[in-house]
Amino acid sequence: MSTTESVSEFLLRRLTANELSSVSDLDRCRLYLQVFAELTDLHVQGGTGGHLIGRVIAPLKKASIRHLRDTDSEQGPALGRQIQRAVSMAALAAVCEAIDQKPALQLHSLDTGPLEQFLASLQLDRMLQKPHPEEQSSFLEESSSSQGWGKVAAQYIHDQWVCLSFLLKKHHTLVPASEGELPEPRLPAVQRPARTLQAAVAALAVLPSVSVLPVLRCMRLLVPKLLASSESVCVEAFDAAWRTVSSLSNTQLTFWPSLKAFVQFVFDTKVLTIAAKIKGQAYFKIKEIMHKMIEMSAVKSGVFNTLITHCCQSWVVPASNGSQGSLSSAESYGELVLEACTFGTVFRRDQR
């Protein structure tokens, strides 16, 4: 047996065979998934992705779905079972990221149908339940950082949205403009976009700000489809996302990736064009956020740069290809262009 085969079998056993059942095992799970990512890179670069799928990815996916489908006993959830569920959701998120980032895996006939149907039917309003009351004390005693069950549950929600981001990105063409078109959708999370967007807003309310990136990516895929038919839900998403991102302004490591994802979501070319055409709540909410970002740039260098760079690239590139729709929408957001033209590359007002 080769070294990679031995490591693969070890990872598969540890992640699927109920061997991870305590709080400290969650750190081990993250380590194992990092090794899984490196192993995936190794196989893809070596042209042996099909071998990896057969030995690791396919059985890992199948076992993780089985664990997540198991129902709790009448006595309530046991700690070991809930830890395994958290491990299984993290494993599915790692599989989704591997497939998304390495298209070569798709060429090896990886059947993602059961995975996609499972993810599309996730109950997004259902959090990871607390274990038995008598087990919670041992959980807290074992946790050296006193993180509590909330952090474990938040990571579980984050991993759900990593999976949904993969699903929506792959099937974005199936997202309908309204929910009345498909009475029995095959992929509910994709084909019931308003409900999924409402779930995303709810997720922002409970997730730590450092864990919101996959939720923002999902919003970016959903809002352009829904803005014309479900404007109020989209405006609620704008508000929730801005509150989350602005609260990160003192956390450099997570602020900039989150700000970039937020700008790509709210100031998406299709969103700006539709909002300018309707001139409804969304249009004025975007204008409000725009002015708040300009104000923030007075004390935080780079914020306005992120905004105007994205908008200019979004407006100019399609125009260079012969499409004037996105460029014409710039006229409706003249304050943004005026601010850039007046002050040029100096983005902090106290330096102007």
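Looking at (1) among the aliphatic types (A, V, I, L, M); (2) surrounded by fewer than 18 Cβ atoms within 10 Å (Cβ to Cβ); (3) out of contact with any Ser or Thr (no Cβ under 8 Å at 6 or more places or on another chain), which is the one condition that is false for Leu26?
(2)
Quick one: how many residues across region 310-333 are at pLDDT 80 or above and surrounded by fewer than 14 Cβ atoms within 10 Å (Cβ to Cβ)?
Of the residues in region 310-333, 1 are at pLDDT 80 or above and surrounded by fewer than 14 Cβ atoms within 10 Å (Cβ to Cβ).
Residue by residue through region 225-235, note down the ones that are outside any helix (DSSP H, G or I) and surrounded by fewer than 20 Cβ atoms within 10 Å (Cβ to Cβ).
Matches in region 225-235: Ala228, Ser229.
Here is a list: Val152, Val201, Val162, Val175. Which entry is buried (at least 16 other Cβ atoms within 10 Å of the Cβ), more than 25 Å from Arg81 (Cβ to Cβ) and either modelled with pLDDT of 90 or more or touching a His at 6+ places or on another chain (Cβ under 6 Å) (or both)?
Values: Val152 fails: more than 25 Å from Arg81 (Cβ to Cβ); Val162 fails: more than 25 Å from Arg81 (Cβ to Cβ); Val175 fails: either modelled with pLDDT of 90 or more or touching a His at 6+ places or on another chain (Cβ under 6 Å) (or both).
The conditions single out Val201.
Taking the condition of being of a type outside the set (Asp, Glu) and closer than 18 Å to His43 by Cβ, how many residues in region 2-24 meet it?
Number satisfying all stated conditions: 10.
Can you tell me which residue is nearest to Gly113 (Cα to Cα) among those in region 33-66 that are modelled with pLDDT of 85 or more, buried (at least 21 other Cβ atoms within 10 Å of the Cβ) and not hydrophobic (A, V, I, L, M, F, W, C)?
Ranking the candidates gives Lys61 first.
Give region 241-273 a look and list any residue that's crowded, with 17+ Cβ neighbours inside 10 Å, without any contact (Cβ under 8 Å) to a residue 40 or more places away in the chain and of a type outside the set (Val, Ile, Thr), or say none.
Ala241, Leu248, Phe255
Here are Leu253, Leu227: which of them is over 24 Å from His158 (Cβ atoms) and under 20 Å from the mean Cα position of the chain (by Cα)?
On inspection, the qualifying residue turns out to be Leu227.
Which numbered condition in (1) at pLDDT below 80; (2) surrounded by fewer than 20 Cβ atoms within 10 Å (Cβ to Cβ); (3) among the hydrophobic types (A, V, I, L, M, F, W, C) is the only one that Leu336 fails?
Among (1) at pLDDT below 80; (2) surrounded by fewer than 20 Cβ atoms within 10 Å (Cβ to Cβ); (3) among the hydrophobic types (A, V, I, L, M, F, W, C), Leu336 violates only (2).
Quick one: would you say Phe238 is in contact with a Leu (Cβ under 6 Å, 6 or more places away or on another chain), assigned to a helix (DSSP H, G or I) and either buried (at least 21 other Cβ atoms within 10 Å of the Cβ) or touching a residue at least 40 places away in the same chain (Cβ under 8 Å) (or both)?
Values: in contact with a Leu (Cβ under 6 Å, 6 or more places away or on another chain): no; assigned to a helix (DSSP H, G or I): yes; either buried (at least 21 other Cβ atoms within 10 Å of the Cβ) or touching a residue at least 40 places away in the same chain (Cβ under 8 Å) (or both): yes.
Judged against the criteria, Phe238 is not a match.
Among the residues of region 277-309 satisfying the criterion of being outside any helix (DSSP H, G or I) and closer than 21 Å to Leu226 by Cβ, which is modelled with the highest pLDDT?
Filtering region 277-309 for residues outside any helix (DSSP H, G or I) gives 279-280, 297-302.
Narrowing the set further to residues that are closer than 21 Å to Leu226 by Cβ leaves 279-280.
On the way: Lys279: 90, Gly280: 93.
Only one residue tops the list, namely Gly280.
Just wondering, is there one or more residues in region 215-224 that are surrounded by fewer than 17 Cβ atoms within 10 Å (Cβ to Cβ) and farther than 25 Å from Trp149 by Cα? Step through it out loud before you land on a result.
At the first step, the residues of region 215-224 found to be surrounded by fewer than 17 Cβ atoms within 10 Å (Cβ to Cβ) are none.
No; the residues of region 215-224 include none that is surrounded by fewer than 17 Cβ atoms within 10 Å (Cβ to Cβ) and farther than 25 Å from Trp149 by Cα.
Quick check on region 96-107. Is at least one of its residues modelled with pLDDT of 85 or more, surrounded by 13 or more Cβ atoms within 10 Å (Cβ to Cβ), over 16 Å from Asp159 (Cβ atoms) and among the acidic types (Asp, Glu)?
no
May I ask you to list pairs of residues, at least six apart or on different chains, whose Cβ atoms are under 9 Å apart, with the first in region 10-26 being free of Cβ contacts under 8 Å to residues at least 12 places away in the same chain and the second being of a type in the set (Lys, Arg) and loosely packed, with under 14 Cβ neighbours inside 10 Å?
Partner pairs satisfying both residue conditions: Glu19/Arg13.
The values are calculated or read from the model by the stated rules, or taken from the named source; none is laboratory data. None of the values given here were measured: they were computed from a predicted structure. Backbone-built Cβ (ideal geometry, glycine too); neighbour counts: all protein chains shown.
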